[in-house]
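These notes concern the structure reproduced below.
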Amino acid sequence: MNGNFTYHNPTRLHFGENAMESLAGELAGYGPVVMLCYGGGSIKRNGIYDQVVAALESAGKTIVEDGGVMPNPTLEKLLDGAAKAKANNVDLILAVGGGSTIDYAKAVSVSAWCEEAPWQKYFTRFEEPSCRIIPVGSVLTMAGTGSEMNGGSVITNHAANLKVGKVFGPAVFPKFSILNPRFTFTVPRRQMVSGIYDVMSHIMEQYFSGTDDNTSDHIAEGLMRSLVVSSRAAVENPGDYEARSNIMWTATWALNTLIAMGKTTDWEVHMLGQAVSALTDATHGMTLAAVSLPYYRLIKPHGLGKFARFAKNVWGIAAEGKSDDRLADEGLAALEAWMREIGVAMNISELGATEAMIPDLVKATFRLDGGYKRLTEEEVAEIFRQSL
Ligand code: NZQ
Ligand code: ZN
């Protein structure tokens, strides 16, 4: 394990079919006014809204409704929500939904009482909050982002053609999250698969960095193997509780800071994918899938040992008599076959991107240093061309 680090994750998780029973106990720890954040209405159709409202009412809470959080939440929505949270002096923000709703709730929590413009402070200068932070709790309805146990918050500014993620410290992590795998059963298949690829990408983007034999890499390999097995079962039968619960738990551990401990991390696929989302508003996990293979094939020579290890330890490819280069290619071929099998987007054209957008996509892509190679602008453009 490289370097010195402090590991602290303050989010309390309640997991399983009866997890909602723990909500009452959590609510007792907060004041009377709860802002209930949710998305476009799926929770009203599948009954989760009624369960949450019943728990809030029996706890005697005043509910401030804040629905309509869109996938890829926008800066405008954030500013409205922050004004609402401040005007109602809310004691707790309860996010009921997927990553978009939870990310949004965190952004509201640090913006309501912030004297400065949130976009500039958090998503441009990447500062930590210096104001009062409203506590956030979550009821997760879709597996993928890990937002239920991390400080991530990704906001889209359409006027600037940017989608930017800020990773806040533990003060902004949800205080608690309710994880009932059954709540994910109504997620549409395409959205489920997008979430599964998002999880895979989170793990790969922490794994494909550094050359040491790190405990975090071994944990990552186990999480990837579990995800591949469970994703196949869930695609075959979305009602498979064991598969859906494994995916939900893997998603949480994929991005709750654990597997980033003691190693460097990459995150360039997220930078490329976020650029695609900024311009097309496409579904997050699909944007990652669509750019991944051209990216990994480009950086492969710079991290050959890890790519060969990925082939052996994640995909079970026999190594005898093969060069690292051949093994690495076979590992990426196995990744590609799995992506096609579960049905993710394989190119950015199907997500609405065009060749004419490439200059703007390049401008919207942050180029990071943590992976095997810092990309040049021309390489970024080439990855987008190959992803079309
Ligand atoms: O809005 P509703 O009506 O609820 O429908 C949602 C939405 O249309 C639907 N859905 C969610 N749970 C459902 C359901 N439909 C039926 N039944 C259910 N139980 O699914 C759609 C997508 O929801 P969304 O929250 O957008 O998905 P996801 O969880 O993938 O979140 C994506 C957002 O999270 C950010 C992404 O950039 C994107 O903005 N990320 C956040 C991260 C973090 N906090 O660390 C890291 C990730 O890399 C990611 O960037
Ligand atoms: Zn992601």
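The values are calculated or read from the model by the stated rules, or taken from the named source; none is laboratory data. As the structure is a computational prediction, the values presented were derived from the model and not from experiment. FYI the Cβ positions are ideal-geometry reconstructions off the backbone, even for glycines, and counts take in every protein chain you see. What goes into the accessible areas is simple: the full protein's heavy atoms, side chains included, and nothing from ligands, DNA or RNA. Shrake-Rupley method; radii C 1.70, N 1.55, O 1.52, S 1.80 Å.
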Based on Cα positions only, what radius of gyration and what Dmax would you give for the stretch 124-181, in angstroms? 13.0, 37
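I'd like the antiparallel share, as a percent to the nearest 5, of DSSP beta bridges with both residues in the chain.
Numbers: 6 of 30 bridges.
The antiparallel proportion sits near 20 percent.
What percent does the relative contact order of the chain come to when contacts are Cα pairs within less than 8 Å and at least six residues apart?
Working: 754 pairs, mean separation 63.2, N = 388.
It comes to 16 percent, rounded to a whole number.
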Going by alpha carbons, how many degrees (0 to 90, nearest 10) lie between the helix axis of 75-87 and the longest principal axis of the chain? 30 degrees
Given +1 on the Cβ of Lys and Arg, -1 on the Cβ of Asp and Glu, and no further charges, what dipole in debye does the chain carry about its Cα centre, rounded to the nearest 20? 280 debye
Over the chain, with a Gaussian network built from C-alpha contacts below 10 Å, which listed residue (Ala364, Ala54, Ala290) shows the highest mean-square fluctuation? Ala54
Rg (Å, one decimal) plus Dmax (Å, integer) for the alpha carbons of the stretch 189-387? 16.1, 46
What is the Cα centroid distance between the stretch 1-27 and the stretch 40-87, reported in whole angstrom? 22 Å
What does the convex hull of the Cα atoms of the stretch 225-311 come to per residue, in Å³, rounded to a whole number? 131 Å³
GNM on the chain, Cα springs under 10 Å; top mean-square fluctuation among Gly60, Gly195, Gly98 goes to Gly60
Working out 0.36 nm times the residue gap between Glu21 and Ala381, then minus their Cα-Cα distance, what length gain in nm do you get to one decimal? 124.6 nm
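Determine the shape class of the stretch 129-240: with a ≥ b ≥ c the square roots of the Cα gyration tensor eigenvalues, call it rounded for a/c under 1.5, and otherwise prolate if a/b is greater than b/c, oblate otherwise. Walk me through the numbers before you get to the answer.
Values: a/c = 1.62, a/b = 1.22, b/c = 1.33.
It comes out oblate by the Cα gyration axes.
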Using +1 at the Cβ of each Lys and Arg and -1 at the Cβ of each Asp and Glu in the chain, identify which of Ser42, Tyr122, Met1 lies farthest towards the dipole's positive end. Ser42
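With Cβ to Cβ distances under 9 Å as the rule, what net charge do the other residues near Ala251 carry (K, R +1; D, E -1)? Let's see the in-between values first.
Working: positive: none; negative: Glu148, Asp198.
The answer is -2.
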Using the structure shown, list the pairs from Lys163/Lys263; Lys44/Lys86; Lys44/Lys175; Lys300/Lys363; Lys163/Lys373; Lys263/Lys306 with a Cα-Cα distance above 21 Å, or answer none. Lys163/Lys263; Lys44/Lys86; Lys44/Lys175; Lys300/Lys363; Lys163/Lys373
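Would you kindly work out the equivalent ellipsoid of the stretch 296-388 from its C-alpha gyration tensor and give its semi-axes, the square roots of five times the eigenvalues, largest first in whole Å?
Equivalent ellipsoid of the stretch 296-388: 28, 18, 9 Å, largest first.
How large is the accessible surface per residue of the stretch 189-387, computed with a 1.4 Å probe and reported in Å² as a whole number?
On the way: 7270 Å² over 199 residues.
Accessible surface, normalised per residue, equals 37 Å².
Return the FRET efficiency for the residue pair Asp213, Leu388: r is the Cβ-Cβ distance, R0 is 45 Å, and the value is rounded to the nearest 0.05. Can you show the working numbers first?
Values: r = 38 Å, r/R0 = 0.83.
The calculated FRET efficiency here is 0.75.
Please give me the summed charge of the neighbours of Ala24: other residues whose Cβ is under 13 Å from its Cβ, Lys and Arg +1, Asp and Glu -1. Walk me through the numbers before you get to the answer.
Numbers: positive: Lys61; negative: Glu21, Glu26, Glu57.
Net local charge, Ala24 excluded: -2.
If I compute solvent accessible area with a 1.4 Å probe over the protein chains, what percent of it on the chain is carbon and sulfur? Could you put the intermediate results ahead of the total?
Numbers: 7610 of 14800 Å².
So the carbon and sulfur contribution to the accessible surface is 51 percent.
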Gyration tensor (Cα only) of the chain to equivalent ellipsoid, semi-axes in Å sorted down, yields 34, 23, 19
Could you calculate the contour length gain from Lys86 to Lys373, that is, 0.36 nm times the residue separation minus the distance between their Cα atoms, to one decimal place in nm? 98.9 nm
Between helix 48-58 and the chain: long-axis angle, C-alpha atoms, 0 to 90°, nearest 10: 40 degrees
What percent of all Cα-Cα pairs in the stretch 12-183 falls into each 10 Å bin, going from 0 up to the bin containing the maximum distance? 11, 44, 36, 9, 0
